[in-house]
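J.: The structure under discussion is supplied below as structure tokens; questions concerning it will follow.
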Amino acid sequence: MSLRLEKDGAVARLLIDRTDKLNAFNMAMWEAFPPLLADAVQDPAIRVFELRSAEPGTAFCAGADIKELLANKDDPSWRAANQAEINRVQHELARANLPTIAFVEGDCVGGGCGLAMACDLRIATPQARFGITPAKLGLVYPLHDVKLLVDLVGPGQAKRMLYTGELLDAEEAQRIGLIEFIADSSDFLIDQLLAASSYSARHTKRFIRRVLDGQSEDDHETLGIFGAAFTREDFAEGTAAFVEKRKPKFG
């Protein structure tokens, strides 16, 4: 199995397990991704989702399976189906109702970089490298993924990466805002997320997505979410912990 989901308490990890191909995604992997993501999102016990290589220290994802792409390049039906599956994965991952982390240890290229960008937060080891390489293949990156890139690094750096296809080391990726952390483990961030209110995180993610998609003013729904938070158990626990000078214990 090239993808598998493992659950550890409140954490679900989607492991990319095709290390002999640098974890490059083929059609079967794009198709398998949404049900595994949905399994994690729909499990009430899961509070954090992490995407990473199954094999420590290996490539995160080298992008699309070029051999498969070449074998089907003259089949418009296959190309359309493949693009639809890629778009579905990116759209659903970017909007998954959980905090999501990409933990990148090796190369994160092309579609692999797209997967990392669709997560909420990115951690890279010092050995990681990032690149978006369609320009080296005469291809064009999907618009949805271009927006993810521009949202993270701005139009200038996005053009630099897309026009040149150059590989960036972890320090440069962090400098331009492509990743948030350089670390050898994601444990510290997972611990921080689990210590905070999952209810707050899920709705904050939805609000940020609305802002990124162009909304700048509250509407009836966002005002309702804001007001309803004062009636929930998480608010009661958070304020009680504040008054009692202890760490809150959110469910």
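J.: Determine the distance separating the Cα centre of the stretch 1-51 from the Cα centre of the stretch 148-215; give it in Å without decimals.
T.: One Cα centre to the other: 19 Å.
J.: Neighbour counts of other C-beta atoms within 10 Å: give me Val11, Val104, Val41, Val211 arranged from fewest to most. Please list the in-between numbers first.
T.: Numbers: Val11 20, Val104 31, Val41 17, Val211 11.
In order of increasing Cβ crowding within 10 Å: Val211, Val41, Val11, Val104.
J.: Determine, from the Cβ-Cβ distance of Asp218 and Ala195 and an R0 of 30 Å, the FRET efficiency 1/(1 + (r/R0)^6), rounded to the nearest 0.05.
T.: Values: r = 28 Å, r/R0 = 0.94.
Computed FRET efficiency for Asp218 and Ala195: 0.60.
J.: Considering the chain as a Gaussian network with a 10 Å cut-off on Cα pairs, which listed residue, Ile225, Ile132, Ile46, attains the greatest mean-square fluctuation?
T.: Fluctuation is largest for Ile225.
J.: When DSSP beta bridges are limited to those with both residues in the chain, what percentage is antiparallel, rounded to the nearest 5? Working shown, then result.
T.: On the way: 8 of 28 bridges.
Percentage antiparallel, nearest 5: 30.
J.: Just to be sure I understand: with springs between alpha-carbon atoms less than 10 Å apart, which residue in Pro134, Pro44, Pro126 has the highest mean-square fluctuation in the Gaussian network model of the chain?
T.: So, out of Pro134, Pro44, Pro126, the one fluctuating most is Pro44.
J.: Where the convex hull is taken over the Cα atoms of the stretch 3-191, what is its projected area averaged over directions, in nm²?
T.: Details: hull surface 39.1 nm².
Reported value for the Cα convex hull: 9.8 nm².
J.: Mind checking the dipole of the stretch 112-167: about its Cα centre, +1 per Lys or Arg Cβ, -1 per Asp or Glu Cβ, Debye to the nearest 20?
T.: Values: 6 positive and 4 negative charges, 32 e Å.
That gives a dipole near 160 debye.
J.: Now for a separate question. Straight distance only, please: which lysines reach the Cα of Lys136 with their own Cα at less than 28 Å, same-chain residues fewer than 8 apart left out?
T.: By straight Cα distance, Lys136 reaches Lys21, Lys67, Lys73, Lys147, Lys159.
J.: Which order, highest average first, do 186-194, 232-240 follow once you tally other Cβ atoms within 10 Å for each residue and take the mean per peptide? Walk me through the intermediate numbers first.
T.: Details: 186-194: 16.1, 232-240: 13.9.
Top of the packing list down: 186-194, 232-240.
J.: Contour minus end-to-end for Ile182 and Arg210, with contour as 0.36 nm per residue of separation and end-to-end as the Cα-Cα distance?
T.: The span from Ile182 to Arg210 would gain 7.3 nm if fully extended.
J.: In a Gaussian network model over the chain where Cα atoms closer than 10 Å are linked, find which of Ala128, Ala195, Ala24 has the largest mean-square fluctuation.
T.: Ala195
J.: Expected output is a single nm value to one decimal: the length gained when fully extending between Glu55 and Asp234, i.e. 0.36 nm times separation in residues minus the C-alpha distance. What is it? Display every interim value, and only then the final one.
T.: On the way: separation 179, 0.36 × 179 = 64.44 nm, distance 3.66 nm.
Full-extension gain reported as 60.8 nm.
J.: May I ask you to list the GluC sites (Glu not before Pro) in the stretch 152-226 that are in a DSSP loop and have at most 10 other Cβ atoms within 10 Å of their Cβ? Could you put the intermediate results ahead of the total?
T.: Numbers: sites: Glu166, Glu171, Glu172, Glu180, Glu217, Glu221; in loops: Glu166, Glu180, Glu217.
Of the GluC sites (Glu not before Pro), the ones in loops of the stretch 152-226 whose Cβ has at most 10 other Cβ atoms within 10 Å are Glu217.
Laboratory data are not the source of any read-out in this text; all were calculated from the coordinates shown. Only a predicted model underlies this, so the values are computations on that prediction, with no experimental measurement involved. Every residue, glycine as well, gets a Cβ built from its backbone with ideal geometry; the counts of neighbours run over all protein chains shown.
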